[in-house]
Amino acid sequence: MLDQRFDPAEAETRLYKAWEARGCFKPSGDTSAQAYSIVIPPPNVTGVLHMGHALNNTLQDVLVRFERMRGKNVLWQAGTDHAGIATQMVVERQLAEAGNESRREMGRDAFVDRVWAWKEESGGAIVGQLKRLGASCDWSRLAFTMGDRAEPDNNMMRAVTKVFVELYKKGLIYRDKRLVNWDPHFQTAISDLEVDQREVNGHYWHLRYPLADGVTYEHPVKDEDGNVTGTETRNYIVVATSRPETMLGDTGVAVHPDDERYAGLVGKFVELPIVGRRVPIIADDYANPEKGSGAVKITPAHDFNDFEVGKRAGHTPLNILNATAHIVDGADADAAGIPADYRGLDRFDARKKVVETFEALEMLQEIENLKIEQPFGDRSNVVIEPWMTDQWYVDAKTMAQPAIAAVKEGKTRFVPENWEKTYYNWMDNIQPWCVSRQLWWGHRIPAWFGPNGSIFVCNTEGDAWASLLREEERPFTQDPSSREVTIPHSELAWVLSRFSPSARSLLEENESDPDASDPTDLMLNSAILRSSGRIEEFRKEVLKQDEDVLDTWFSSALWPFSTMGWPDKTPELETFYPTATLITAFDIIFFWVARMMMMGIEFMGEVPFKDVYIHALVLDEKGQKMSKSKGNVMDPLELVNEYGADALRFTMGRMAGQGRNIRLSKQAVESNRNFATKLWNAARFAEMNECGAPGEIDFAKVTSPVNRWVLGELDACEAEATKAIEEYRFNDAAGALYKFIWNVLCDWYLELIKPLLMGMDDTAKQETRDVCGYVLDETLKLLHPFMPFVTEELWERRAAGRVDEQGFLMLQSWPQYDIARDAGADDEIQWVIDLITEVRSLRNDLGVPAGSKIPLSLVNAGPVIEDRAYRHEDILKRIARLEDIVVSEAVPDGAVSTVVGETVVALGIADQIDVAEARNRLDKEIGQLDKDIMSTEKKLGNEAFVSKAPPEIVEENRERIVDWTGRREKLKAARKSLEDL
RNA sequence: GGGCGAUUAGCUCAGUGGUAGAGCACUGCCUUCACACGGCAGGGGUCGCAAGUUCGAACCUUGCAUCGCCCA
């Protein structure tokens with residue numbers, strides 16, 4: 001006997017383990033079946049499951065379970081990404097909390113060891129959380145963007161290196177010195193996408209820059225209304241800035257070429273306070289006459305716009321900040337003329353000091369308070385500085401072209417379609433992608449810096465050495481598989497003595513000639529160098545690998561093929577690339593979707609996925625983004641614990657309408673938990689009534705109308721759910737299932753069959769038990785993708801031992817029926833439902849006591865209706881609480897009548913009710929019919945409508961009038977019979 | 001400033017040209033032999049505003065208003 005309720009806490013873990021143990025999540029391997037694959041958007045290895053993940057993975061799991069049941073060979077590729085900054089941050093914080101030595105104190109190798117150790121131990125907790133949700137990923141193929149440390153030659157590592165090297169060879173990756181978004185906290189460059197532009201309360205400081213050489217000009221003076229009333233003589237020019245400290249690096253002041261106020265000043269100079277630098281006033285369109293004073297200071301080394309202006313004016317940028325956003329010291333400071341008391345100051349202290357100095361000089365004209373857009377690091381939350389550095393860039397503009405074309409040509413389709421626009425918009429305006437990061441946790445950039453500024457971008461260090469030696473025309477041998485290079489001792493001495501300063505000075509100390517080339521001398525040099533035991537150190541001076549690592553998204557961009565074994569030619573790649581669908585949120589279109597498109601097309605020659613389904617964001621119930629600072633974060637695992645994974649999943653599914661955000665509330669989850677209970681109790685009812693698991697049903701042999709009807713309804717539900725899932729209308733699929741299970745199966749079918757199950761007709765009873773059991777089992781299949789746990793549990797519990805014989809529900813075939821709906825049965829059951837509903841409504845409205853049984857007469861109903869009434873007498877009496885059902889020629893005395901279909905139905909309740917209320921009720925309905933009939937008649941009286949509207953619509957309206965008029969007449973008669981009471 | 005989207009019942013949302021819908025909440029009745037995490041019945045909307053197209057507009061067009069998101 002089933003308990004009264006499903007216990008998710010007990011069942012979910014048990015069922016999940018059983019599925020996993022039996023390998024249910026792996027591809028079937030059936031090569032004759034259609035392949036279907038999805039790659040998981042890899043969560044951060046540091047991540048914890050949030051609502052976005054819960055939605056994202058629920059939808060993927062629905063698709064994957066659905067397609068698996070449809071017999072496809074399904075791979076849901078699992079994995080996590082290494083999340084460079086985030087992970088490094090986590091481990092650094094741990095070190096600090098434990099009072100251990102810092103990352104820099106412990107050194108790179110030790111730190112990276114530490115991160116790996118952390119990853120092995122506690123990284124990827126999110127995998128366990130995804131399992132709680134029921135995600136049926138193939139965990140045996142769990143991938144990681146950094147590969148497997150125990151296997152240094154793993155394909156994930158090789159893939160990244162190969163892509164970098166090949167793009168470099170094609171000129172699609174290059175090194176460049178330009179302004180980057182610099183994160184002073186992590187001391188790394190970050191990409192545009194990792195910068196959050198936030199509106200904050202800020203200031204514009206209006207600074208007066210003294211004009212050099214005694215120059216003055218007439219500046220217009222305005223009154224309160226903005227009218228120019230005269231001019232004043234100024235020996236300064238005013239510039240407004242939100243970052244006063246950058247004035248230390250100014251190289252000029254720009255005004256608009258058409259700005260008459262300053263026309264005479266172009267070509268003159270200002271003398272910068274503090275640094276005492278003389279910089280020119282230039283004309284440039286960038287200056288906006290409407291904004292501030294119309295004159296703008298130019299700091300090319302610390303502002304993206306100023307950089308361009310400076311370039312046009314031929315200014316050399318002056319760097320005034322170091323990597324930690326302190327004012328520079330040393331040579332840079334000398335070049336910029338920075339006074340000693342500014343050197344080494346934090347940028348915000350420097351700002352304060354600059355402002356104070358201007359104030360003291362009486363050169364601070366005004367402080368304006370206003371909202372300004374300020375860039376913040378999305379991980380560090382510190383203000384980002386534009387900073388000039390050498391970085392590696394991907395030529396995204398070139399790579400974007402085929403990626404744009406692929407969508408235009410329909411090779412990849414966005415669902416909903418309008419996300420295409422976002423994609424195009426981004427792709428059309430794409431900027432060079434800065435892929436290097438000054439971090440330690442990540443894929444080391446496969447580039448080696450050699451002598452005289454040479455750079456070798458190679459798959460291995462051996463290849464880099466080979467390239468160098470080849471360039472220098474020195475002999476060597478290289479192992480074809482390991483790529484390791486063997487260099488003769490004398491040749492190594494030749495190279496080291498020329499390119500390693502340390503080797504050179506060692507030789508000089510030993511009074512040997514570093515520039516020797518005679519074989520005997522080289523042997524001697526070699527002996528000296530080797531005996532020092534510092535060969536490795538010397539070699540590293542000659543060829544030094546780039547210290548930097550790649551942006552995490554660089555490796556994520558390869559995800560759809562790297563996870564399948566690329567660059568090796570694997571069966572998985574052959575079978576499962578390109579993937580069917582990518583499911584993700586819109587905020588990742590730029591970061592990830594676009595980049596996968598580029599890389600997939602470049603290296604696989606084919607788009608990585610056919611469909612991209614963009615789902616909603618999950619917001620709180622007020623429509624606010626969930627965030628820790630707002631304190632409105634809902635934890636999916638808490639909801640799973642409280643209501644079960646099925647409830648959360650079904651809530652997500654029901655709310656996942658295309659193009660809509662999801663406002664999640666606890667209440668919604670609760671109501672879907674109740675839905676699971678409802679289903680559970682339907683099964684409990686079946687169990688009590690010995691409705692077993694017949695397996696198959698021959699529709700043609702089913703005789704009872706109610707059974708024929710419910711099979712037709714099941715068929716319709718299946719058709720709708722199937723189509724909806726195929727079209728990514730998850731909410732429609734879930735809605736159809738909800739409606740069928742609750743409003744058809746439970747509300748009506750199970751009620752209607754009670755008399756049959758308790759009756760004496762054994763044939764009908766057996767048929768009903770079979771159909772009921774069958775429909776329930778089929779329902780479990782249909783609901784399984786959304787609610788895997790409760791359905792799987794019922795599958796087993798409804799027929800003991802079934803799993804051993806037939807396997808898990810999750811591996812059953814998706815239903816597809818071939819049932820011709822029986823219109824006669826449908827009409828009949830609909831009539832029963834209508835009659836019951838009408839009687840209930842009347843009883844309620846007129847206040848007939850719930851318990852009292854009343855007589856019902858069918859007035860002049862005709863043989864068909866009488867027949868129906870007879871057939872369903874038991875159920876009618878039971879649900880409508882009728883004493884008996886009789887056929888009569890007229891409305892009996894003391895009866896209140898109404899109309900069901902075309903039949904007048906009379907209830908013998910006049911003695912129990914308020915007759916006035918009964919009249920009132922009828923008047924109300926007759927009044928409504930009057931109104932409806934009149935407006936429809938008016939419509940039909942309209943010449944234009946009749947001639948122009950489609951004939952079937954006109955006909956529909958005519959039929960409506962006939963129906964309504966007939967009904968109205970009968971209601972009027974009923975009303976009349978109440979007159980006499 | 002550019003782009004995208006939203007505006008329908010108290011709340012959350014379906015509904016893309018032909019009689020305005022669901023869930024939740026609310027009201028009343030019911031501890032009826034699957035389920036009170038339940039059953040039955042009911043109240044509640046001039047579909048943001050205005051103009052236009054059309055025989056007919058929640059739906060198409062234009063404008064406006066308000067809100068949200070993305071990008072600069």
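The values are calculated or read from the model by the stated rules, or taken from the named source; none is laboratory data. The structure displayed is predicted, hence computed values, not measured ones. Positions of Cβ are backbone-derived with ideal geometry, glycine not excepted, and every protein chain shown enters the neighbour counts. What goes into the accessible areas is simple: the full protein's heavy atoms, side chains included, and nothing from ligands, DNA or RNA. Shrake-Rupley method; radii C 1.70, N 1.55, O 1.52, S 1.80 Å.
Annotations
- Complete set of residues in region A:906-931 that are within 18 Å of A:S852 (Cα to Cα) and open to solvent by less than 50 Å² (accessible area, probe 1.4 Å): A:A906, A:L907, A:G908, A:I909, A:A910, A:I913, A:V915, A:A918
- If the condition is being touching a helix residue (DSSP H, G or I) at 6+ places or on another chain (Cβ under 9 Å), outside any loop (DSSP other than H, G, I, E, B) and aliphatic (A, V, I, L, M), then region A:411-436 contributes only A:M427.
- Of residues in region A:922-942 being more than 25 Å from A:V896 (Cβ to Cβ) and not aliphatic (A, V, I, L, M), the one nearest to RNA strand B (Cβ to nearest atom): A:N942
- Residues satisfying the stated conditions in region A:486-518, i.e. in a helix (DSSP H, G or I) and either farther than 20 Å from A:L468 by Cβ or over 60 Å from the mean Cα position of the chain (by Cα) (or both): A:S505, A:L506, A:L507, A:E508, A:E509
- Subset of region A:666-693 that is over 22 Å from A:E638 (Cα atoms) and open to solvent by less than 10 Å² (accessible area, probe 1.4 Å) - its residue that is farthest from RNA strand B (Cβ to nearest atom): A:C691
- The listed residue being open to solvent by 30 Å² or more (accessible area, probe 1.4 Å) and modelled with pLDDT under 90, out of A:A890, A:A895, A:A880, A:A861: A:A890
- Only one entry in A:T563, A:T579, A:T575 is hydroxyl-bearing (S, T, Y), surrounded by fewer than 21 Cβ atoms within 10 Å (Cβ to Cβ) and at negative phi, namely A:T575.
- Filter pass, A:V839 being over 46 Å from the mean Cα position of the chain (by Cα), within 16 Å of RNA strand B (Cβ to nearest atom) and under 22 Å from A:I753 (Cα atoms): yes
- Taking the numbered list (1) within 16 Å of RNA strand B (Cβ to nearest atom); (2) of a type outside the set (A, V, I, L, M); (3) assigned to a loop (DSSP other than H, G, I, E, B) in turn, A:P892 passes all entries but (1).
- Residue in region A:437-450 that is under 15 Å from A:R539 (Cα atoms) and not in a strand (DSSP E or B) present: yes
- Unmet criterion (only one of (1) at pLDDT 85 or above; (2) away from RNA strand B (no atom under 11 Å from the Cβ)) for A:K976: (1)
- The helices (runs of 4 or more DSSP H) located wholly in region A:762-813 include none with 1 or more residues which are in contact with a Gly (Cβ under 7 Å, 6 or more places away or on another chain), among the acidic types (D, E) and without any contact (Cβ under 8 Å) to a residue 60 or more places away in the chain.
- Note on region A:394-427: residues that are within 16 Å of RNA strand B (Cβ to nearest atom) and over 22 Å from the mean Cα position of the chain (by Cα) amount to 2.
- Conditions (1) buried (at least 17 other Cβ atoms within 10 Å of the Cβ); (2) out of contact with any Lys or Arg (no Cβ under 7 Å at 6 or more places or on another chain); (3) among the polar types (S, T, N, Q): number failed by A:N731: (2)
- Qualifying positions in region A:943-966 - among the hydroxyl-bearing types (S, T, Y) and more than 9 Å from RNA strand B (Cβ to nearest atom): A:T965
- Residue within region A:780-794 that is of a type in the set (K, R), within 16 Å of RNA strand B (Cβ to nearest atom), farther than 23 Å from A:R871 by Cα and assigned by TED's automatic domain parsing to the domain that holds A:F740 present: no
- Against the criterion of being assigned by TED's automatic domain parsing to the domain that holds A:Y728, at pLDDT 90 or above and small (G, A, S), A:A647 does not qualify.
- One residue alone among A:E373, A:E368 is open to solvent by less than 70 Å² (accessible area, probe 1.4 Å), out of contact with any helix residue (DSSP H, G or I) (no Cβ under 6 Å at 6 or more places or on another chain), over 30 Å from A:A580 (Cβ atoms) and assigned to a strand (DSSP E or B), and that residue is A:E368.
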